[in-house]
Amino acid sequence: MNPEPRRAVFLDRDGTINEEVGFLRDPAQVRLIPGAAQAIVRLRAAGLAVVVVSNQSGLARGIFSHAELAAVQAELERQLSLAGAILDGVFFCPHHPEGTVEGLGQVCACRKPEPGLIQEAAGKLTLSLAGSFMVGDSRRDVACGNALGLTSILVHSGHPPAPAASPAEEPALVASDLAAAAEWILGRLAGEDGVR
Ligand SMILES: [Mg+2]
Ligand SMILES: [Zn+2]
């Protein structure tokens, strides 16, 4: 039997879960945003999958290697685990149109706001896009979520967000951080008469 598709919260990484430092490549620079780990715990406890979808153009630009990205990600997940927070999946876009690294300097279907990362995650993890959420600190994150019909939340814990360039970049909610976003999401679920 196929498993029932689960609803999910798709999370941007830098500026949403961990502090934005610009092309994070050193595990020693990984700092969780206060409340982020607890927010992930609460969202999963409510039955939502929590999945990271992250543009990592530093790979295409030659700023860091796959091994360095893996080391940073391992440290992030180690810190999350100390608070009991687990990620259901992690998906990276390694590309950039102006990237100089062989094979990665290209227009792709997975660099947000393109929807490829979320579509890949939904396919691999059997997730329902209907009733799911996207949380990020960039207008790209919002546009990506909106394009797929997700409920998108813009958080102020990373880059100061640019003004919306079009209605496609307007979130359903602006929140201070992931903790506040999770609180709002959980309130929405509670208002759904137990239908999930
Ligand atoms: Mg970000
Ligand atoms: Zn890509």
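The table for this structure:
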item	result
Within the accessible area of the chain (1.4 Å probe), percent carbon and sulfur	54
Choice from GLU68, GLU19, GLU169 showing the highest fluctuation, given a GNM over the chain with Cα pairs closer than 10 Å	GLU68
Cβ-isolated cysteines (cut-off 4.7 Å), the chain	CYS108, CYS144
Mean Cβ count within 10 Å, highest first, over the residues of peptides 113-122, 98-107	113-122, 98-107
Whole-Å semi-axes of the ellipsoid equivalent to segment 6-190 (Cα gyration tensor, √5λ, descending)	23, 19, 16
Percent antiparallel among DSSP beta bridges (both partners in segment 6-190, rounded to 5)	5
Accessible area expressed per residue, the chain, with surrounding protein chains retained (probe 1.4 Å, Å²)	46
Gap separating the Cα centres of segment 17-47 and segment 145-170, nearest whole Å	19
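The values are calculated or read from the model by the stated rules, or taken from the named source; none is laboratory data. All figures in this text were calculated on a predicted structure; none of them were measured in a lab. Note that each Cβ is placed from the backbone with ideal geometry, even for glycine, and that neighbours are counted across all protein chains shown. These area figures cover heavy atoms from the full protein model, side chains too; ligands, DNA and RNA do not enter into them. Shrake-Rupley method; radii C 1.70, N 1.55, O 1.52, S 1.80 Å.
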